[in-house]
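Student: Supplied in structure tokens, the structure appears directly below.
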Amino acid sequence: MRRKITVKTITLLLFLVSFVTYGQEDHSQAESGTDKRSEIKEYIQHHLQDSYDFNLFSWTTDAGEVKHFGFPLPVILWDDGLKVFSSSKFHHGETVAEVDGNYYKNYHGKIYKTDAEGTINYDAEHHATNAKPLDFSITKNVVMIMMVFAIMFFMFSRMAKSYQKNNGMPKGMGRFLEPIVIYVRDEIAIPNIGEKHYKRYMSYLLTVFFFVWIVNLFGLTPIGMNVTNNIAVTLCLALITYVITTFSGNKNYWKHIFWMPGVPVPMKIILAPIELLGTIIKPFSLMIRLYANITAGHIVLMSIIGMMFVFHNWIGSSLSFVLAFVLGILELLVAALQAYIFTVLSALYFGMAVEEHHDEAH
């Protein structure tokens, strides 16, 4: 009896053929794959780093020359006086910039003072020992923060104007923003802070929620501006939450940290330093959580995309594309989820600081 050829049979045959094709590659192709993997690794590292120019994309000509499409940003240094010049002098880190008789080199994303030849000195652990001037440059992440500020200012100003013109009814931008604002108020601020105190913190909670959400979404675009991938940015956000929590704490909050009621005195002495350390660990966890999740997501997504250029058969490339597409959709959820988690935990810390305890009644 003649067996019918099914779709499963065809797929299995193609799968085996792809492995045979992969096994028949010569040594030069294997070396090419190794070079390609190294190139992808370098590109991922470059994508995750901040930069002194706004480079949208680049390509290599037939002559081997690398072309960049973007625009330079201002470099602002303090080195025995203010030094301001364009990052185009670095030519994407390939040349040394001369400013007022001083020479500066962009080496691994940092600016060092050097000589005309661009000499970099190293210590025993191969760390650069050249002097570093104070750096106040407008980098790509700074531009992104300014862009998000402009976007948020535009959105909420339009929302406020729509309420004024329509007697308190949302219209246009307000129809999109109002449900999100109400959700932050009713599901995050009030349950964690309480109806008595939540209004004091709504402006910050809304700001941090939309800021983290928007910058995470921009980080998924080919522009490659990963603001929350910079630990300095997440540190500043966590530090603001810590400062607000610290200055909002009432006497009951500090009492439960330094001298917990209902606890034996020896245990109070032991627990007080632990509780005090906990006030620092909480914002530290905010910083690490946001930074680590966004960084890991970008690395995994770009690694899977890079696998499409490593595989030498259509099945591997196709599977990588499908997996990257699914993971990209998941990253859209993660972008909003991280904004939600950061806002919820900030509201929870604020609520703990202003909570009113009634030990006697209890």
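Bear in mind these aren't lab numbers, they're just calculated from the coordinates by the rules spelled out. Note that this is a predicted model, so its numbers are computed, not measured. Cβ sites come from the backbone with ideal geometry, for glycine too, and all protein chains shown count toward neighbours.
Student: Within 10 Å of each candidate Cβ there may be at most 16 other Cβ atoms; applying that plus a DSSP loop requirement, which GluC sites (Glu not before Pro) in the range 72-145 survive?
Tutor: Sites meeting the loop and neighbour criteria: Glu94, Glu117, Glu125.
Student: From the square roots a ≥ b ≥ c of the eigenvalues of the alpha-carbon gyration tensor of the range 53-137, which class results: rounded (a/c under 1.5), prolate (a/b over b/c), or oblate?
Tutor: oblate
Student: I need two numbers for the range 139-217: Rg to one decimal and Dmax as a whole number, Cα atoms only, in Å.
Tutor: 13.9, 42
Student: For the range 166-280, take the alpha-carbon Rg, divide it by the Kirkwood Rh, and send me Rg/Rh.
Tutor: Reported Rg/Rh, Kirkwood definition of Rh: 1.11.
Student: Could you give me the ³J(HN,Hα) list for the range 242-256, computed from phi with Karplus coefficients 6.51, -1.76, 1.60 and θ = phi - 60°, whole Hz, x at Gly and Pro?
Tutor: 5, 5, 4, 4, 5, 7, 8, x, 8, 5, 5, 5, 6, 5, 6
Student: Let me know the shape class of the range 141-354, please: from the alpha-carbon gyration tensor, a ≥ b ≥ c as square roots of the eigenvalues, rounded when a/c is under 1.5, otherwise prolate if a/b is greater than b/c, or oblate.
Tutor: It is oblate, given that a/c is not under 1.5 and a/b is not larger than b/c.
Student: Another one. Starting at the first residue of the range 175-189, write each ³J(HN,Hα) from the Karplus equation 6.51 cos²θ - 1.76 cosθ + 1.60 with θ = phi - 60°, in whole Hz, x for Gly and Pro.
Tutor: Values, residue by residue: 5, 7, 7, 4, x, 6, 5, 5, 5, 4, 5, 7, 9, 10, 6 Hz.
Student: Once amide H atoms are built 1.01 Å from N in the peptide plane, which residues 5 or more positions from Gly70, or in another chain, come under 5 Å H to H?
Tutor: Leu56
Student: Would you pull out the residues with amide H under 5 Å of Ser86's amide H, same chain only if 5 or more places away, H placed 1.01 Å from N?
Tutor: Here Val75 satisfy the definition.
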